[in-house]
Every structure is written in structure tokens, then in C-alpha cells.
Amino acid sequence: MSIETQLSLRQLRAFVAVYRLGKLATAANRLSVTESAVSTMLRQMESALNLRLFDRTSRSLVPTQAAHEIIAAAERVLGDIAWLGTRLQDLGDCRTGRVHVAVTATVGSVLMPGVVRRFRDAYPGVQLVLDDCAPDQFLAKVSSEPVDFGIGTPEREDPLLVSQVLLRDHLCLVCATDHPLAGRRQVRWRELAKEPMIAVRQGLGYGMRRRMDAAAAGAGVTLNVVHEVNFLSSALWMTAGGLGVSVWASALAARMPYENLTRCRLVGPRVPIDFSLVHKRGRSLSPAALAFVETARSELESMDVL
């Protein structure tokens, strides 16, 4: 049996305490154990090392040369163990750590500012990496090793990933405040037949274009898509510029940075679109990552959805 398997942390603590304090009684008091327990631990350590560590006298224990030579290593081991314990406790209490989150560019710029502010206020010691990406790169980002999880509206499922809904939402119409449809409580899909539409290109990963086309087809409407874009943010400024109307998730539209835009509920049919937490299957999240998820869930639940 190797020496390291025979030594214990209790023995090392007893050795260091007696070395520094010189007396069994004082060391026992420091360690909150009996003198006989300290004496037993020292003898066990000496037996494992096959070395005498202290010369016993009637008044005290005098360290041998062997004790002088190993005291620094013993204290270093105990210091490392103490650091490890503190580090693990800090990680568990979210006083430190690192969270790596993947988001699409629009979700990052529109929904994440409030989440990030709340998280930083609550957990200032945790490093946050926000990895924004194009929609068609989202699932690949989440699958990569550094990313803990992603938050978005993935268009397809991946057998290697797990999704959990954070916010249930629906598609809505976004138009200028002076548009004839503005101010309506709800708009039917068939009313969009003649409207110039600005839409993201198909297959980009948002999931909105597929849902939009399917809903229009179900309502017997062929949408008049006059402009196709890669990013929802582009559809937004084009809509604000009066180039047409667009379809968004209502939570995103609720935080539009344009005062001349408004949103209306789309019905006939209502089209759901969920914002989901996506992470690798079989991987557990760290305490800091779980804290970010709960912060995001709380912030998203406060969104003004239609």
C-alpha cells in the first residue's frame, strides 16, 4: 500500500498543529479533539512514513529533522485543500464561475440586455460570455464544447441537444403607426395578401419564416414578399422605413427601438413560437449556468407578449 493512501488530512492537520504549537494539549484544543486522538494520529503518520517525527519529552514534543523537512510540504497540501474547498463553495454559491451562452444576434440585442443586467447585479463574480451568432449557426454553436447552452427559437430539432421552453410566444404583425392596419387589436392572415412583406430568408434557423409561410398557406393566402433579409434587425429597420410590413415574435417586437412602429396580434390562425433553452444532451449545468437560466426565465416571463 502506497504512503499517500495511508495518510489522511486529519493526520496532516495534527502533525502541523503539533509542529507549530509544540504541545499535544494546545494542538488538541486547536483541532477540537482529545490529546489521545492527536497522539494516535501522529503515531499512525509515523508508522506510515516509517519515520519518527517528534521526540517525546515530559514537557513537549520536539520536531525531528524529518519533521523539519516535510512541514512545508504538509502545510502546502493543507493550503491547497483549503483553497479547493473555498473554490468549490464559491462555485456552488455562484460567487465565482463562468457561463458561456449562445444566442442569435437579434435575441442577443433585444432580449438579453435586461437578463444580463439582472444577472450581473446578482452574481458580479461570475464571468459571462455571450456568444452571438447567425441563426443558421445557432445549433452548431450550442453543440460546441465551450458553450454551456443557448437561448433562441431553433427551427429544427437535433438528437444531440435538449430543448426546454423558457417563454411561450406567438407571431405578430409589425407595421408603421400610420399604416391602415395599425391600431387594430388583431389582424387576420388573409388581410396580408396585398401587403408588401419583408421577411427573413427561408432556412436561416429562426423558425419564423417557415411558420409564417405555413400559416399563410393554411389561411389560403400567398404573401407578397418584396424584400428578403438575413437578419430580423434588417427587417425591422426596413419596416420602420415604410418599405412594408413584417412578422415577428411578439416578445421581440415589444422591445422595438423604433417609435414609429406598432404590433398587432395575428389570428386565423394564431401561430406559436417559443423561446427555448437548448443544451447538450446528457450534460449537467453548473450552478452559475443554472442561475443564469433562472434569471433569463424570470426576465422573459415579464415580457409583454400578445
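Before moving on, here are some points about what is shown:
- Selection status of Ala82, surrounded by fewer than 19 Cβ atoms within 10 Å (Cβ to Cβ), farther than 30 Å from Tyr258 by Cβ, over 18 Å from the mean Cα position of the chain (by Cα) and not basic (Lys, Arg): yes
- The range 91-116 residues that are more than 21 Å from Glu145 (Cβ to Cβ), paired with ones that are polar (S, T, N, Q) and surrounded by fewer than 20 Cβ atoms within 10 Å (Cβ to Cβ) (beta carbon under 6 Å, 6 or more apart): Thr106/Ser233
- For the range 140-161, a residue qualifies if it is outside any strand (DSSP E or B) and either within 21 Å of Ala249 (Cβ to Cβ) or aromatic (Phe, Trp, Tyr) (or both), and the qualifying residues are Lys141, Val142, Thr153, Pro154, Glu155, Arg156, Glu157, Asp158.
- Selection status of Ala182, touching a residue at least 60 places away in the same chain (Cβ under 8 Å) and among the small types (Gly, Ala, Ser): yes
- Residue count, the range 193-208 (criterion: part of a loop (DSSP other than H, G, I, E, B), at pLDDT 80 or above and of a type in the set (A, V, I, L, M)): 1
- Criterion applied to Gln44, Gln65 was being outside the structural domain of Val126 (by TED's automatic domain parsing), polar (S, T, N, Q), over 30 Å from Val126 (Cβ atoms) and crowded, with 16+ Cβ neighbours inside 10 Å, and the one residue passing it is Gln44.
- Condition broken by Thr222, with the remaining ones in (1) surrounded by 15 or more Cβ atoms within 10 Å (Cβ to Cβ); (2) touching a residue at least 24 places away in the same chain (Cβ under 8 Å) satisfied: (1)
- Scanning the range 162-181 for residues that are assigned to a loop (DSSP other than H, G, I, E, B) and buried (at least 18 other Cβ atoms within 10 Å of the Cβ) returns a single hit, His179.
- Qualifying positions in the range 253-306 - among the acidic types (Asp, Glu) and within 26 Å of Leu161 (Cα to Cα): Asp274, Glu294, Glu299, Glu301
- With a requirement of 3 or more residues that are more than 21 Å from the chain's Cα centre (by Cα) and of a type in the set (Lys, Arg), none of the helices (runs of 4 or more DSSP H) lying completely within the range 232-306 satisfies it.
- Filter result for Pro159 (in the same structural domain as Arg255 (by TED's automatic domain parsing), more than 22 Å from Leu300 (Cα to Cα) and surrounded by fewer than 19 Cβ atoms within 10 Å (Cβ to Cβ)): no
- The condition (being polar (S, T, N, Q) and buried (at least 20 other Cβ atoms within 10 Å of the Cβ)) is satisfied by just one residue among Ser298, Ser246: Ser246.
- Hits in the range 196-218 (condition: crowded, with 19+ Cβ neighbours inside 10 Å and more than 27 Å from Pro113 (Cβ to Cβ)): Met197, Ala215, Ala216
- Unique match (being surrounded by fewer than 16 Cβ atoms within 10 Å (Cβ to Cβ) and β-branched (Val, Ile, Thr)) among Val129, Val110, Val116: Val129
- Helices (runs of 4 or more DSSP H) contained entirely in the range 64-131, each with at least 1 residues that are under 30 Å from Leu53 (Cα atoms) and at pLDDT below 90: 65-92
- Options Leu243, Leu261, Leu232; residue that is touching a residue at least 24 places away in the same chain (Cβ under 8 Å), over 16 Å from Val187 (Cα atoms) and in contact with a Ser or Thr (Cβ under 9 Å, 6 or more places away or on another chain): Leu232
The values are calculated or read from the model by the stated rules, or taken from the named source; none is laboratory data. Computed from a predicted structure; not experimentally measured. Ideal geometry is used to build each Cβ from the backbone, glycine not excepted, and the neighbour counts take in all protein chains shown.
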